[in-house]
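Here the structure comes first, spelled out in structure tokens, and everything after it is commentary.
The values are calculated or read from the model by the stated rules, or taken from the named source; none is laboratory data. All values derive from a computational prediction rather than experimental measurement. Please note: Cβ atoms are built from the backbone with ideal geometry, for glycine as well, and neighbour counts cover all protein chains shown. To get the accessible areas, we keep the full protein, side chains included, count just its heavy atoms, and leave off ligands, DNA and RNA. Shrake-Rupley method; radii C 1.70, N 1.55, O 1.52, S 1.80 Å.
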Protein chains: 2
Amino acid sequence: MKWNDLGEFGFIRRITSGRVISRDHVVIGPGDDAAAWRPEPGSLCLLTTDMLIEGIHFQLGYFEPEQLGHKSLAVNFSDIAAMGGKPRDAYLSLGIPVERLTVAFMDRFYAGVGALAGKWGVNILGGDTSHSSVLVISVTVTGSVAPDRVIGRDGASLGDRIFLTGHIGDAAAGLDLLLNRPQHLDRFADTLVKAHLEPQPHLEAAALIARSGKATAMIDVSDGVIQDLGHLCSGPGLGAVLYARDFPLSPALRSYASLTGMQLPDAALTGGEDYCLLFTASRKDEEHLRRLFSESGCPMYCIGSMSESGRIEIVDQNGRHRPVTGTGWDHFEKK
Amino acid sequence: MKWNDLGEFGFIRRITSGRVISRDHVVIGPGDDAAAWRPEPGSLCLLTTDMLIEGIHFQLGYFEPEQLGHKSLAVNFSDIAAMGGKPRDAYLSLGIPVERLTVAFMDRFYAGVGALAGKWGVNILGGDTSHSSVLVISVTVTGSVAPDRVIGRDGASLGDRIFLTGHIGDAAAGLDLLLNRPQHLDRFADTLVKAHLEPQPHLEAAALIARSGKATAMIDVSDGVIQDLGHLCSGPGLGAVLYARDFPLSPALRSYASLTGMQLPDAALTGGEDYCLLFTASRKDEEHLRRLFSESGCPMYCIGSMSESGRIEIVDQNGRHRPVTGTGWDHFEKK
């Protein structure tokens with residue numbers, strides 16, 4: 001199948017057909033000027049949007065098209081998770097370099113999108129498609145959350161415990177492998193490389209945290225723990241103390257670090273793209289949360305507490321306090 | 001102000017500050033993982049998204065930054081109008097070529113966005129920002145509409161009248177001027193050129209049509225009347241007969257056509273980017289609609305009727321039926 005034979009409207013029919021799997025709330029689906037849906041009674045609507053650009057956010061050299069489709073949706077699901085919500089519908093706008101990418105490539109991209117959407121019962125309700133010089137993927141995902149369960153970034157208080165729902169640093173090490181150390185790819189393919197190429201949104205953990213009503217603030221780790229934790233230190237003078245011995249670092253990351261001289265734990269705190277959840281809760285609720293997570297089988301790690309230092313400090317294995325090296329990712333920083 | 005001094009988060013603060021002008025429904029605004037809002041009680045939610053890419057959808061050579069900001073939002077408002085809805089919130093994702101475009105340019109871009117958003121009471125509730133090689137603008141707009149007032153594309157019947165809410169062909173002629181005939185720019189700057197650079201969404205007409213409850217189908221004219229009318233001919237065997245004498249062609253377009261040899265009316269029917277509304281209504285409701293439009297001061301033109309020919313025909317000034325030349329815009333067509 002060639003682009004010219006298919007045409008824009010043929011392509012849109014091809015990629016939207018069969019993608020509405022949860023019809024109850026959908027009044028008008030793909031193919032109209034806008035989608036129309038019935039909001040969940042008594043719930044808030046959530047909306048997040050993320051743009052991925054070839055050459056900036058990803059290279060086609062190391063992504064399978066299915067993985068790229070998966071990740072484009074996963075990073076948005078992760079933002080909905082970070083509000084304590086569940087995703088309902090997704091919209092994909094694509095700029096496609098039709099001279100370079102085949103219809104078969106985009107079919108595989110949509111297979112990756114469809115697999116993750118199907119897993120979480122999310123519809124593809126629309127989007128936009130055009131020609132472009134590089135592949136541009138702009139995804140919007142809507143979701144819902146009960147008004148008394150929505151979790152913002154602003155609620156953390158002095159003394160609150162700081163939790164993570166998964167390992168950190170694996171994805172950044174995976175990217176380093178892909179870009180700089182192809183000779184070690186095989187050894188870490190199932191762990192570090194997969195963490196970068198196929199991140200899983202922590203929607204089960206998000207549901208657990210939201211249902212508990214115990215989180216005071218939450219964010220997903222996209223720019224690195226340090227930078228994202230900085231967004232939770234919004235109160236006057238609010239800072240954090242993190243305990244190096246408690247950082248959830250995978251065995252694979254530790255062996256990769258000894259192989260390459262990568263500095264742990266700092267590289268794991270600033271790497272980004274972990275897409276686990278970072279949240280705070282009152283000290284008195286820690287035990288309750290531990291029990292909930294343990295019953296569900298989801299991991300949860302306490303890595304420190306909110307402090308009044310106004311900055312983020314690390315207590316190393318020898319009990320010494322020190323600032324962290326580097327902060328995280330800024331798209332307009334000088335590289 | 002330089003990009004490096006401002007940083008990604010500084011830029012996001014700069015562009016979102018003061019952009020929430022209608023707070024009642026907003027629970028969590030810009031700066032969190034997702035926006036959260038209370039849906040309008042008893043209403044449907046609407047969502048549309050459009051992506052504009054430099055070099056494909058626009059050239060920076062002839063757009064003032066304010067106009068580009070205006071148009072990016074206007075085309076999405078137009079999609080919400082085409083459902084009979086009103087826009088509530090907007091989200092802008094931008095890929096910015098920071099080596100080439102200044103912070104001042106983007107400030108002017110946002111001034112254009114802000115002016116149109118302000119005019120219609122729409123909030124900027126979020127988005128995404130990154131570095132890119134060409135300017136990429138991906139806009140998502142949500143809106144609302146009463147469940148018994150939403151207007152899709154599928155409801156037109158044999159004999160329904162076909163209406164337009166504004167002139168057609170001006171925007172396409174304006175683009176032709178900008179690209180090919182700079183020597184005539186001044187003469188048509190306020191009409192044709194402005195129609196291309198600063199299209200106005202027909203939200204007043206949309207509200208009128210939705211309130212009347214009389215439209216059987218509606219779409220906004222983005223790909224040209226013929227192609228967009230084709231989307232309303234979805235029933236089996238449904239076609240349309242259009243009367244050339246009734247096409248709303250502006251005096252400016254007519255003089256531009258005689259100057260350049262542009263073929264009217266066909267060029268006006270296939271040019272695209274008019275962003276007026278194209279809708280159908282039963283013959284018996286025509287008088288009622290005419291009265292409503294006349295009282296409001298909004299224009300409305302009847303250009304033909306739905307037929308059972310299965311195709312779109314034009315009846316020319318001499319009463320002869322003929323097919324139309326060309327169909328409209330396809331992003332994957334061979335150029």
Just to confirm a number: summing +1 for Lys and Arg and -1 for Asp and Glu over residues other than B:Leu101 whose beta-carbon lies under 11 angstrom from that of B:Leu101, what do you get?
-1
Given charges at beta-carbon only (K, R positive; D, E negative), |dipole| of segment A:31-120 in Debye
260 debye
Label-point separation (nm) for B:Leu185 and B:His321, each offset 7 Å from Cα along Cα-to-Cβ?
4.6 nm
Leaving out ligands, DNA and RNA, calculate the buried accessible area for the pair B and A with a 1.4 Å probe, summed over both sides, in Å² to the nearest 100.
5100 Å²
Computed P(r) (all Cα pairs; segment B:119-177; 10 Å bins; percent)
12, 22, 36, 25, 5, 0
Considering every Cα-Cα pair within the protein assembly as shown, what fraction, in whole percent, is farther apart than 37 Å?
39 percent
Positive end of the dipole of segment A:83-157, charges at C-beta (+1 Lys, Arg; -1 Asp, Glu), about the Cα centre: which of A:Tyr91, A:Gly155, A:Thr129 has its Cα farthest in that direction?
A:Gly155
For peptide B:123-134, the mean count of other chain Cβ atoms within 10 Å per residue Cβ is 5
At 1.4 Å probe radius, can you tell me the per residue accessible area of the protein assembly as shown in Å²?
39 Å²
Give the percent of DSSP beta bridges with both residues in the protein assembly as shown that are antiparallel, rounded to the nearest 5.
75 percent
So the carbon and sulfur contribution to the accessible area of segment B:86-128, 1.4 Å probe, in percent, is 60 percent
Average other protein chain Cβ within 10 Å of Cβ, residues B:3-10
4
Please give the charge dipole size of chain B, origin at the Cα centre, charges +1 on K and R Cβ atoms and -1 on D and E Cβ atoms. Round to the nearest 20 debye.
460 debye
Dimensions (Å) - segment A:194-335, Cα atoms, principal axes, largest first
41, 38, 36
Span per principal axis, largest first, for the Cα atoms of chain A (Å):
67, 53, 37
Quick one: which of B:282-289, B:194-201 comes out on top by average Cβ neighbours within 10 Å, and what's the full order, highest first?
B:194-201, B:282-289
Apply 1/(1 + (r/R0)^6) to the Cβ-Cβ distance of A:Ser309 and A:Leu60, taking R0 = 41 Å, and write down the FRET efficiency to the nearest 0.05.
0.40
Expected sort for A:226-239, A:137-150 on mean C-beta neighbours within 10 Å, highest first, is A:137-150, A:226-239
What is the distance in Å between the Cα centres of segment A:213-233 and segment A:18-80?
23 Å
Output the pairs from A:Lys71/A:Lys119; B:Lys119/B:Lys194; A:Lys86/B:Lys86 with a Cα-Cα distance over 23 Å in this structure; if there are none, say none.
A:Lys86/B:Lys86
Rounded to the nearest 10 degrees, what's the angle between the helix A:251-260 long axis and the longest principal axis of chain A, both from Cα atoms, 0 to 90?
80 degrees
Counting DSSP beta bridges with both ends in chain B, the antiparallel % (nearest 5):
75 percent
Between A:Asp154 and A:Val20, what length in nm is gained on full extension when 0.36 nm per residue of separation is reduced by their alpha carbon distance?
44.7 nm
Helical contribution to [θ] at 222 nm, DSSP H n ≥ 4, -39,500 (n - 2.57), averaged over chain B, rounded to 500
-10000 deg cm²/dmol
In whole percent, how big is the carbon plus sulfur part of the accessible area of segment B:221-314, probe 1.4 Å, protein atoms only?
48 percent
Return the long-range amide H neighbours of A:Thr129 (sequence gap of 5 or more, or a different chain), with a cut-off of under 5 Å between placed amide H atoms.
A:Leu94
Nearest 20 debye, what's the magnitude of the dipole of the protein assembly as shown about its Cα centre given +1 on Lys and Arg Cβ and -1 on Asp and Glu Cβ?
460 debye
How many partner chain Cβ atoms sit within 10 Å of a residue's Cβ in peptide B:104-112, on average, as a whole number?
0
May I ask for the net charge around B:Ile226, where only other residues with Cβ less than 11 Å from the Cβ of B:Ile226 are counted and Lys, Arg are +1 while Asp, Glu are -1?
-3
Using only the Cα atoms of segment B:240-287, what semi-axes does the equivalent ellipsoid have when each is the square root of 5 times a gyration tensor eigenvalue? Give whole Å, largest first.
25, 12, 10
